[in-house]
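The values are calculated or read from the model by the stated rules, or taken from the named source; none is laboratory data. All of these numbers come straight from a predicted model, not from anything done at the bench. Counting neighbours? That spans all protein chains shown, and the Cβs are built from the backbone with ideal geometry, glycine included. Surface areas here come from the heavy atoms of the whole protein model, side chains and all, with no ligands, DNA or RNA. Shrake-Rupley method; radii C 1.70, N 1.55, O 1.52, S 1.80 Å.
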Amino acid sequence: MYLVRLIYTSEISDGFGPNDIEDILEKAKKKNAECNVTGLLCFNSTHFMQCLEGSRKAVNATYHRILNDKRHRNIIMLNYCEIAEREFEKWSMGYIPYSKLTTPLNIKYSGTSDFNPLAMSAGSAHKLMLALRDSMLDKVI
Ligand code: FAD
């Protein structure tokens, strides 16, 4: 079965609270492990950027559930493509905390020093994800 990668960005809905991110991660890790989806979730307190990889069927089903989740809005797909191998196979859903989204990384992959996924090309979003993965290796959160 084909492997695909999907990267999207979104912003929190009104009323999003600190417990929501824990709930999202707990559910994501459990459900992704069940259908062999892997990836990373970045969050800076207002915006999400997430990479999902796995079989086309599993990634599409996961993205469909995510699209229907009222805890976030303005969900924009940045990248969807077939891939030959996974790049985030260590994580059913790794979490990148705000502290890892540093000014040098933001400057390297976008035109601003703030984390602004909407200002990134698909290629830059993917490369930022890989840089964040490398900064997290051996630290499964
Ligand atoms: P149920 O848990 O049965 O919930 C039914 C509906 O209510 C769903 O539409 C659900 O989105 C919504 N819902 C559930 N809890 C809440 C709540 N506390 N407040 C408001 N609405 C709620 N899921 C994954 O499987 N894998 C992922 O990688 C993943 N990443 C996510 C990233 C983000 C940024 C967000 C916001 C959600 C993510 N989710 C992920 C969660 C996903 O949206 C679903 O909530 C989850 O998969 C459970 O789906 P379900 O159909 O079993 O819904």
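With all protein chains kept in place, the per residue accessible area of the chain amounts to 53 square angstrom at a probe of 1.4 angstrom. The portion of the accessible surface of the chain made up by carbon and sulfur, rounded to a whole percent, is 53 (1.4 Å probe; DNA, RNA and ligands excluded).
If you take the charge dipole of the chain about its Cα centre, with +1 on Lys and Arg Cβ and -1 on Asp and Glu Cβ, which of Met49, Ser110, Pro97 is farthest toward its positive end? Checking the options against the dipole of the chain, the answer is Met49. Seen from Gly17, the other residues with C-beta closer than 12 Å to its C-beta sum to a net charge of -3, counting Lys and Arg as +1 and Asp and Glu as -1.
A convex hull fitted around the alpha carbon atoms of region 30-84 yields 95 Å³ per residue. Think of it as helices only: each DSSP H run of n ≥ 4 in the chain is worth -39500 (n - 2.57), and spread over all residues that comes to -11500 deg cm²/dmol at 222 nm.
Rounded to the nearest 20 debye, what is the charge dipole size of region 1-134 about its Cα centre when +1 sits on each Lys and Arg Cβ and -1 on each Asp and Glu Cβ? Working shown, then result.
Details: 17 positive and 15 negative charges, 44 e Å.
Its charge dipole is roughly 220 debye.
If you take the beta carbon distance between Lys31 and Thr102 as r and set R0 to 30 Å, what does 1/(1 + (r/R0)^6) give as a FRET efficiency, to the nearest 0.05?
On the way: r = 30 Å, r/R0 = 1.00.
The computed FRET efficiency comes out at 0.50.
Electrostatic bookkeeping for Ile75 treats Lys and Arg as +1 and Asp and Glu as -1; over the other residues with beta carbon under 10 Å from its beta carbon, the sum is -1. Around the amide H of Tyr95, modelled in the peptide plane, lie the amide H atoms of Leu41, Ile141, all under 5 Å away and 5 or more residues distant in sequence or on another chain. Out of all DSSP beta bridges with both ends in the chain, state the antiparallel percent to the nearest 5. Roughly 90 percent of the beta bridges in the chain run antiparallel, per DSSP. With point charges of +1 on the Cβ of Lys and Arg and -1 on the Cβ of Asp and Glu, referenced to the Cα centre of the chain, which listed residue (Tyr2, Met120, His72) lies farthest in the positive direction of the dipole? Projecting each Cα onto the dipole axis, the largest value belongs to Tyr2. Here the relative contact order of the chain, from alpha carbon pairs under 8 Å that lie six or more residues apart, stands at 33 percent.
Choose one answer from Lys29, Lys57, Lys90: the residue with the largest mean-square fluctuation in a GNM of the chain with alpha-carbon springs under 10 Å. Greatest mean-square fluctuation among the candidates belongs to Lys57.
Please compare each pair in Lys31/Lys100; Lys27/Lys90; Lys70/Lys90 to a cut-off of 19 Å on the Cα-Cα distance and tell me which ones are over it.
Values: Lys31/Lys100 25 Å; Lys27/Lys90 17 Å; Lys70/Lys90 28 Å.
The answer is Lys31/Lys100; Lys70/Lys90.
Just checking the listed ones, Glu82, Glu22, Glu11: in the Gaussian network model of the chain with Cα springs under 10 Å, the one fluctuating most is Glu22. Solvent-free Debye calculation, one equal scatterer per alpha-carbon of the chain: log10 I(q)/I(0) at 0.13, 0.15, 0.21 Å⁻¹ equals -0.51, -0.69, -1.47.
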